[in-house]
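*Asks:* Let me begin by handing over the structure; questions about it come next.
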Amino acid sequence: MPDKVISCNNLSKQFGGFTAVNKISFEVDKGEIFGFLGANGAGKTTAMRILCGLSYPSSGEATVAGFDVYHKQESIKKNIGYMSQKFSLYENLTILENIEFFGGVYGLPRKDIRQRSNDLVQHLGLEKEAKKLVGELPLGWKQKLAFSVAIFHRPKIVFLDEPTGGVDPVTRRQFWDMIYEAAASGITVFVTTHYMDEAEYCNRVSVMVDGKVEALDTPANLKKQFNSDSIDDVFYKLARGAKRTGD
Amino acid sequence: MKQLLVFIKKEFYHVFRDRRTLLILFGLPVVQIVLFGYALTSEVKNIHMLIADNANDINSQQLIAKIQSSDYFVTEKAIAAYTAIESEFKKGSIKCALVLPPHFGDDLLHTGKAQVQIIADASDPNTAKTLIAYLTAIIGNYQQQLNVNNAPGYQIIPETRMLYNEEGNGSLNFVPGVIALIFMIVCTTLTSVSVVKEKEMGTMEILLVSPFKPIMVLVSKAVPYLVLSLLNLVLVLALSVFLLKVEIRGNIILLMLESTLFIVTCLSLGLLISNNTSSQQAAMLMSMMGMMLPTLLFTGFLFPLENMPKPLQVIANIVPARWYYLIVKAVMLKGLGFRYVWKETLILLGMTALLLTIALKKFKIRLS
């Protein structure tokens, strides 16, 4: 039996009378690429924030990297990486300075940071740009760099919140190569996306509708279950029943 | 601790790479000092005046010589051209005029009494009053000089002293005000903008997800601006001393400590603003309009607070800069010690504690 790095059991979150997340239960294995789908307002973000240690659930249980979301938020934060759809490196810092900063924030020793950032820059083929301000890089590069920075401290899990928004198809493809690489090295990838072709790349996909997880399986099984030829179609069939709209 | 240093280092990178910030940081104090020191001065100096000397005798010439020898007036002499005075006023080329009657000397020596006329342009009443006072003083002075030779009657001679500022240097009053204003702008505005910028850029999210303590984000934002503000203080003080000839009479260490306290007050204010705004523009507007205007109006260096209606005076009391201004004036200009400013210091401390508590409490640890 593989390790469970994330497990939720009847996890709920209420804001006043509104139930944003309604008794969701699922488990994510180590090294898995887990697609977390749902229309805007379905409760994805709320669930993800709980798992990232940014907010407390109202009821239910969940552990992330083996740590309880109620009491061990600090330990969770040390073991996860996070990247949002907003580009979130500092534009007026160079590539190396950004890496150094985020590595430092996670408390990595300076020697490790230097070693690893050299490797990383080499790996990305950015040796010439290493001392350039990040603001001067094209968007595709920025996103790849942001992902590399998010896993720079070698977290157990990386949360990607619509990481490929606004990125061209070629770069998206390259981005997914990086995700596969990370997963192969044992990092669990928890990703939300609105691109249904990307959902096909995931090992398993869950679809949230109105705060509940309505479907969870491998893309192939989901397609079979819903008698569809694409995840896009599966998603449409599920999301059509949603009562909530928008964020 | 190491994480904090990494963060502070990053903040310094931000400041030094952003030309706009640098300009505000170090350009503003220079501009303000020069502006207030030279352009916006309320001192009366080199005023153009016309003297219509209809007597042209020894006495009138002695009096005119006295006026001419003062710094305050640039004189033009005219003989019996009363109408010329009016046209000069209309042209705006003179601010005041002195008319000496035809038999000024004779009257003075034979009857012991002579009249002169002073006319001033009172469209600017403050200046007009000052000019009249200066001229009256010069005439009075001349009168005394005459009385030395003659037997005087009863005489009361006021000996005036302008305490703490014998030369009447106008820079003295506003230097503390400008210092307060600069801190208000640099600390409050720049801090709030720099925190909000992280929110806007999305980097705040990343920081909140990291194990870095949110409170530490605030600390690391505040530290660079504290350091830079202290540098700024040194710059402003140097400018005041060497450019405006305002000497520092009190203990410079006390001045530095009080300034540090005020800087922390401003920083807390900036952090508080940043907690309540989500865009850089909003933060900028709030600190500029919400903080700068009250600072200008209610600190007391431009408009005397004592003349304001009671409700405004009450408002003035909650402006932190007002208390800092009092402290700087006492310490820097009057050379007073802590004994004289402890009350103001306590008020500032209280305000800082309150602001900081609210700022920390309101700081959203979790994303909304």
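The values are calculated or read from the model by the stated rules, or taken from the named source; none is laboratory data. The model shown is predicted, which means the values in this text are computed figures rather than measured ones. Every residue, glycine among them, receives a Cβ derived from its backbone with ideal geometry; neighbour counts consider all protein chains shown. Ligands, DNA and RNA are excluded from the accessible area calculation, which covers all protein heavy atoms including side chains. Shrake-Rupley method; radii C 1.70, N 1.55, O 1.52, S 1.80 Å.
*Asks:* Can you compute the modelled spin-label distance between B:MET289 and A:GLN14, with each label point 7 Å from Cα toward Cβ, in nm?
*Replies:* Placing both labels 7 Å beyond Cα along the Cβ direction yields 4.1 nm.
*Asks:* Something else now. Select from the stretch B:88-182 those trypsin sites (Lys or Arg not before Pro) which occupy a DSSP coil region and have at most 11 other Cβ atoms within 10 Å, ordered by residue number.
*Replies:* B:LYS113, B:ARG161
*Asks:* Not counting ligands, DNA or RNA, and with a 1.4 Å probe, what is B:ASP121's accessible surface area in Å² rounded to the nearest 10?
*Replies:* 40 Å²
*Asks:* Sticking with this structure for a sec: Please list A:73-80, A:178-185, B:173-180 highest first by mean number of surrounding beta-carbon atoms within 10 Å per residue.
*Replies:* Packing proxy ranking, top to bottom: B:173-180, A:73-80, A:178-185.
*Asks:* Still on this model: Mind running the shape call on the stretch A:69-199? Use the C-alpha gyration tensor, a ≥ b ≥ c as the square roots of the eigenvalues: rounded below 1.5 for a/c, prolate if a/b tops b/c, oblate otherwise.
*Replies:* oblate
*Asks:* From Cα pairs below 8 angstrom and at least 6 apart in sequence, can you work out the relative contact order of chain B, rounded to a whole percent?
*Replies:* 18 percent
*Asks:* I've got another one for you. Quick one: check the C-alpha center-to-center distance for the stretch B:169-235 versus the stretch A:138-176, whole angstrom.
*Replies:* 32 Å
*Asks:* Among B:THR111, B:CYS187, B:THR127, which residue has its Cα furthest toward the positive end of the charge dipole of the stretch B:110-248, with +1 on Lys/Arg Cβ and -1 on Asp/Glu Cβ?
*Replies:* Checked the options; the winner is B:CYS187.
*Asks:* Near A:LYS111, which aspartates and glutamates are there with a Cα under 15 Å away, not counting those fewer than 8 places off in the same chain?
*Replies:* Correct list for A:LYS111: A:GLU97, A:GLU100, A:ASP119.
*Asks:* Can you list the residues of the stretch B:202-236 that have at least 50 square angstrom less accessible area with all protein chains present than in their chain by itself, probe 1.4 Å?
*Replies:* With the partner chains in place, the stretch B:202-236 has these residues losing at least 50 Å²: B:THR203, B:GLU205, B:ILE206, B:VAL209, B:PRO211.
*Asks:* Taking C-beta distances below 4.7 angstrom as the pairing criterion, name the unpartnered cysteines of chain B, in sequence order.
*Replies:* Among the cysteines of chain B, those whose Cβ sits 4.7 Å or more from every other are B:CYS96.
*Asks:* Restricting the count to DSSP beta bridges whose residues both fall in chain B, what percent are antiparallel, rounded to a multiple of 5?
*Replies:* Percent antiparallel among DSSP bridges in chain B is about 25.
*Asks:* At what distance in nm do the modelled label points of A:LYS23 and B:GLN313 sit from each other, each positioned 7 Å from its Cα along Cα→Cβ?
*Replies:* 6.8 nm
*Asks:* So, one more: Pull up the cross-link candidates among the lysines for B:LYS77, meaning alpha carbon to alpha carbon under 27 Å and not fewer than 8 places away within one chain.
*Replies:* List returned: B:LYS45, B:LYS66, B:LYS90, B:LYS91, B:LYS95, B:LYS113, B:LYS129.
*Asks:* In what sequence, largest accessible area first, do B:LEU226, B:LEU302 appear using a 1.4 Å probe?
*Replies:* So the residues, ranked largest to smallest area, are B:LEU302, B:LEU226.
*Asks:* In addition: When you look at the Cβ of every residue in A:96-107, what mean number of other chain Cβ atoms sits within 10 Å?
*Replies:* Mean inter-chain Cβ contacts per residue within 10 Å come to 5.
*Asks:* How much length, in nm to one decimal, is gained on full extension between B:ILE215 and B:ASN126, taken as 0.36 nm per residue of separation minus their Cα-Cα distance?
*Replies:* 26.9 nm
*Asks:* Roughly how big is the protein assembly as shown's charge dipole about its Cα centre, with Cβ charges of +1 (Lys, Arg) and -1 (Asp, Glu), in debye to the nearest 20?
*Replies:* 1560 debye
*Asks:* Also, I was wondering about something else. With a 1.4 Å probe and all protein chains kept in place, how do A:ILE50, B:ILE119 rank by accessible area, largest first?
*Replies:* Solvent-accessible surface, decreasing: B:ILE119, A:ILE50.
*Asks:* If you don't mind, there's one more thing I want to ask. Under a 1.4 angstrom probe, counting protein chains only, how are B:TYR154, A:TYR70 ranked by accessible area, largest first?
*Replies:* B:TYR154, A:TYR70
*Asks:* If R₀ is 56 angstrom, what is the calculated FRET efficiency for the pair B:THR83 and B:ILE156, using the beta carbon separation as r and rounding to 0.05?
*Replies:* The computed FRET efficiency comes out at 0.90.
*Asks:* Let me ask another. Restricting to the protein assembly as shown, compute how many DSSP beta bridges are antiparallel as a %, nearest 5.
*Replies:* 45 percent
*Asks:* Given +1 on the Cβ of Lys and Arg, -1 on the Cβ of Asp and Glu, and no further charges, what dipole in debye does chain B carry about its Cα centre, rounded to the nearest 20?
*Replies:* Dipole magnitude for chain B comes out near 2120 debye.
*Asks:* If R₀ is 30 angstrom, what is the calculated FRET efficiency for the pair B:LEU349 and B:LYS245, using the beta carbon separation as r and rounding to 0.05?
*Replies:* The value I calculate is 0.40.
*Asks:* Would you work out the relative contact order for the stretch B:297-344, in percent, from Cα pairs under 8 angstrom that are 6 or more residues apart?
*Replies:* Relative contact order of the stretch B:297-344: 31 percent.
*Asks:* While we're here: Give the shape of the protein assembly as shown as rounded, prolate or oblate, defined through the alpha-carbon gyration tensor: a ≥ b ≥ c are the square roots of its eigenvalues, a/c under 1.5 means rounded, and otherwise the shape is prolate if a/b is larger than b/c and oblate if not.
*Replies:* Prolate, since a/c reaches 1.5 and a/b exceeds b/c.
*Asks:* What's the magnitude of the charge dipole for the stretch A:8-62 around its Cα centre, counting Lys and Arg as +1 and Asp and Glu as -1 at the beta-carbon? Answer in Debye, nearest 20.
*Replies:* 220 debye
*Asks:* Among A:CYS52, B:TYR325, B:MET216, which residue has its Cα furthest toward the positive end of the charge dipole of the protein assembly as shown, with +1 on Lys/Arg Cβ and -1 on Asp/Glu Cβ?
*Replies:* A:CYS52
*Asks:* Rounded to the nearest 0.05, what FRET efficiency do B:ILE252 and B:ILE358 have when you use their Cβ-Cβ distance and R0 = 35 Å?
*Replies:* Plugging the Cβ-Cβ distance into 1/(1 + (r/R0)^6) gives 0.60.
*Asks:* Follow-up. So, in nm, how far is label B:ASN147 from label B:VAL31 when the simple model puts each one 7 Å beyond its Cα toward the Cβ?
*Replies:* Distance between the two pseudo-spin positions: 5.3 nm.
*Asks:* Work from the charge dipole of the protein assembly as shown (Cβ charges, +1 for Lys and Arg, -1 for Asp and Glu, about the Cα centre) and give the residue of B:GLY92, B:ILE51, A:ILE6 farthest towards its positive end.
*Replies:* A:ILE6
*Asks:* Distance cut-off 29 Å, Cα to Cα: go down the list A:LYS4/A:LYS224; A:LYS86/A:LYS224; A:LYS77/A:LYS223 and report the pairs above it.
*Replies:* Exceeds cut-off: A:LYS86/A:LYS224; A:LYS77/A:LYS223.
*Asks:* Of the GluC sites (Glu not before Pro) in the stretch B:195-284, which ones lie in a loop per DSSP and count no more than 15 other C-beta atoms within 10 Å?
*Replies:* B:GLU247
*Asks:* Pull up the DSSP beta bridges for chain A and report the antiparallel fraction as a percent, rounded to 5.
*Replies:* Taking every DSSP beta bridge with both residues in chain A, the antiparallel ones total about 55 percent.
*Asks:* How tilted is helix A:169-184 with respect to the longest principal axis of chain A? Cα atoms for both, answer in degrees (0 to 90, nearest 10).
*Replies:* 90 degrees
*Asks:* Got a number for carbon plus sulfur as a percent of chain A's accessible area, 1.4 Å probe?
*Replies:* 48 percent
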